[in-house]
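The values are calculated or read from the model by the stated rules, or taken from the named source; none is laboratory data. Fair warning: this is a prediction, and the values are worked out from it, not measured in the lab. Don't worry about glycine lacking a Cβ; one is built from the backbone with ideal geometry, like all the others, and counts go over all protein chains shown.
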C-alpha cells in the first residue's frame, strides 16, 4: 500500500470552473457524454501514529495505477454523488450543497489502516478524467470535507459534507479586552467589536470610554463618518485625527479617527447618540453586495480568494452594483452573506467543486440545450410552484436604530425625526391585472440593505417583472448532461409537451456518477 504524506495544499489541483472556451482534454470529455469516465480520490485524514495528516489516493477506471509518479490504487468503489441548490424550497431561501458517501474497498485487510485515521473535518476531493488521461488533465469535480467514516469487512464509506458550514462562524472574532482605553472597561469585556461595511445610517456605536466620550463603529480603517446625531439633532464635525484619545472636540461637535473606526464627542449626549457612516476601507472602500461579501468572507473566515468563484462575483457586480451597507456585531457570516445577496435579488451556495458562488436570480443567455431525447422518460414533471406576486415591496435605507419620539431632541429636523422613527422606507411595484388571471397572486415584502431609493426602485421593478409573470417549476432527469452546467445558469429545455421549448433557470443540480444521469430543478 502506497500512501504518501504530501501536503494537500501544495499539490497542483485547481478549484476553478472548467473554461469551456479553451480546448482541453477535459472540455472534450465533457462534450462527449458517451465517453468513459475515470475518477481519482484524494483525501487528507489525520494519522494519530505520526501526528500528521497523510495523503490518501484511490482510483476507479484509470488505465494505469501510476499517475504523476504516484500510486493511485484501484480501491475507489463509488465517487460522490452531489446535490447543489441555489435556493431552498422557496425561491428566496438559502441553498445548500450536499454529497452522497464515497466508498472505498478494504479488500481482505490490505487497506484496514484507513479505518485507524481521523477523518472528521479533513479535506476530500474527487477528480474526473478519461481512463487514459495524463494526471494534469484531470480536473476537480467534487470538493468538501469528511464528517465521519463507517466501515465493515469489505468497504469503508466516507460520510461527506459540503463547505457551507465554513460560513457558520461569527463574523467578528475580535473582542474587547476590557483593559481600559480603547479596549473598553470591564463592562464590555468579551463583547464583539463592531464591523461596518458599505453605507449605513443611524447606527449606534459602542461606547468604549465614558469619561472621554469615545465610541467605536468599526474595528479597522473606515471610509467616513457622514454625520453624527444626538437625539436625531446633527452635531458639528471637528476633524479627523491620528489619535482620538488626545483630541477632545468642543461641546456640540465630534472628532473622528477613521484609521481605527473611532469617534469622540465634546460632551455626553442628551439623548441617544447615532451616526451615519461608510465602513471598511482596508484594501479599498467597498459598497456593493458582491464586494462586501468577498471582503467579509476573505477576512472573517478561513476561506481565501482561491475558495471563491470569482467569475460569479464579477457577474453579480455587473448585474447589480447598487450601494448597500451592513452593521455587524454578533451575526454569523452565513446570515450576513444571505442578507447582502438577497438585498439584490440573489442567492449563494457552494459549487460541487467547493467554491463559494453567488448569483442574481435572473434569466440570462442560454448556456445549453437539453434535447427531448435526453430527458428520462416520465421524469419531466411540474411541481408545486409559489404563486406569482401582484405587488412587491422592498425596504431600503435602513435606520439601524429606531428612535421613538421621546428619544429625540426638539432641535432635530422633522425630516430626521421621520427617518429615525421607521426602520425602513419602501419601494413598491405592482400590477393589479395579475389578480384577474391569478386569483392566488400574492403580495411579497422584503427588507433589504439597499442604501438608496433609486436602486430600490429599479430592483423592485425587476423583481416584480420576474416573479409577477406566470413562473413554473419543473423537475427532470436527463442523460448526457453530466458536469456540463451549474446552478444559476439559464438553459433551454427542448421538450415537446407542457408549453416547451422554454428557457429556464437551474436552481438545483443532482449528479449521479453511477447512472451518469443529472437531475434538474428548474424555474421560469
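Of the residues making up region 56-65, one or more are in contact with a helix residue (DSSP H, G or I) (Cβ under 9 Å, 6 or more places away or on another chain) and in contact (Cβ under 8 Å) with a residue 24 or more places away in the chain.
Quick one: is residue 219 over 24 Å from residue 338 (Cβ atoms), touching a residue at least 24 places away in the same chain (Cβ under 8 Å) and part of a loop (DSSP other than H, G, I, E, B)?
Values: over 24 Å from residue 338 (Cβ atoms): no; touching a residue at least 24 places away in the same chain (Cβ under 8 Å): yes; part of a loop (DSSP other than H, G, I, E, B): yes.
For residue 219, the condition - over 24 Å from residue 338 (Cβ atoms), touching a residue at least 24 places away in the same chain (Cβ under 8 Å) and part of a loop (DSSP other than H, G, I, E, B) - is not met.
Checked against (1) in contact (Cβ under 8 Å) with a residue 60 or more places away in the chain; (2) outside any loop (DSSP other than H, G, I, E, B), residue 156 meets all criteria but (1).
Considering 316, 337, 326, the condition of being over 19 Å from residue 462 (Cα atoms), touching a strand residue (DSSP E or B) at 6+ places or on another chain (Cβ under 6 Å) and assigned to a helix (DSSP H, G or I) is satisfied by 337 alone. Taken residue by residue, region 195-204 has no member that is surrounded by fewer than 16 Cβ atoms within 10 Å (Cβ to Cβ) and under 35 Å from the mean Cα position of the chain (by Cα).
Among the residues of region 27-41, those that are surrounded by fewer than 22 Cβ atoms within 10 Å (Cβ to Cβ) and under 28 Å from the mean Cα position of the chain (by Cα) comprise 27, 30. Report, by residue number, each residue of region 222-242 that is on the phi < 0 side of the Ramachandran plot and assigned to a loop (DSSP other than H, G, I, E, B). 235, 241, 242 - these are the residues of region 222-242 that are on the phi < 0 side of the Ramachandran plot and assigned to a loop (DSSP other than H, G, I, E, B). Residues that are more than 28 Å from the chain's Cα centre (by Cα), at least 1 per element: which helices (runs of 4 or more DSSP H) completely within region 411-494 meet that? Here the list reads 414-421, 434-437. Exactly one residue out of 409, 461, 420 is within 30 Å of residue 203 (Cα to Cα), modelled with pLDDT of 95 or more and crowded, with 17+ Cβ neighbours inside 10 Å: that is 420.
Residues of region 291-313 that are closer than 14 Å to residue 355 by Cβ, part of a helix (DSSP H, G or I) and touching a helix residue (DSSP H, G or I) at 6+ places or on another chain (Cβ under 9 Å): 293, 294, 297, 298, 305, 307, 310, 312, 313. I'm checking my understanding of the structure. Among residues of region 155-180 that are farther than 28 Å from residue 125 by Cβ and crowded, with 19+ Cβ neighbours inside 10 Å, which one is farthest from the chain's Cα centre (by Cα)? Among those residues, the one meeting the criterion is 176.
Can you tell me which of 256, 245, 274 is assigned to a helix (DSSP H, G or I), more than 30 Å from residue 162 (Cβ to Cβ) and more than 24 Å from the chain's Cα centre (by Cα)? So that I can check it myself, show each step before the final result.
Details: 256 fails: assigned to a helix (DSSP H, G or I); 274 fails: assigned to a helix (DSSP H, G or I).
Result of the check over 256, 245, 274: 245.
Test of understanding: among 143, 151, 138, which residue is buried (at least 17 other Cβ atoms within 10 Å of the Cβ) and either in contact with a helix residue (DSSP H, G or I) (Cβ under 6 Å, 6 or more places away or on another chain) or within 19 Å of residue 487 (Cβ to Cβ) (or both)? Explain how you work it out, then say what you get.
Values: 151 fails: buried (at least 17 other Cβ atoms within 10 Å of the Cβ); 138 fails: either in contact with a helix residue (DSSP H, G or I) (Cβ under 6 Å, 6 or more places away or on another chain) or within 19 Å of residue 487 (Cβ to Cβ) (or both).
Exactly one of 143, 151, 138 is buried (at least 17 other Cβ atoms within 10 Å of the Cβ) and either in contact with a helix residue (DSSP H, G or I) (Cβ under 6 Å, 6 or more places away or on another chain) or within 19 Å of residue 487 (Cβ to Cβ) (or both), namely 143.
If we scan region 81-96, do we find a residue that is more than 30 Å from residue 384 (Cα to Cα) and under 31 Å from the mean Cα position of the chain (by Cα)? Within region 81-96, not a single residue is more than 30 Å from residue 384 (Cα to Cα) and under 31 Å from the mean Cα position of the chain (by Cα).
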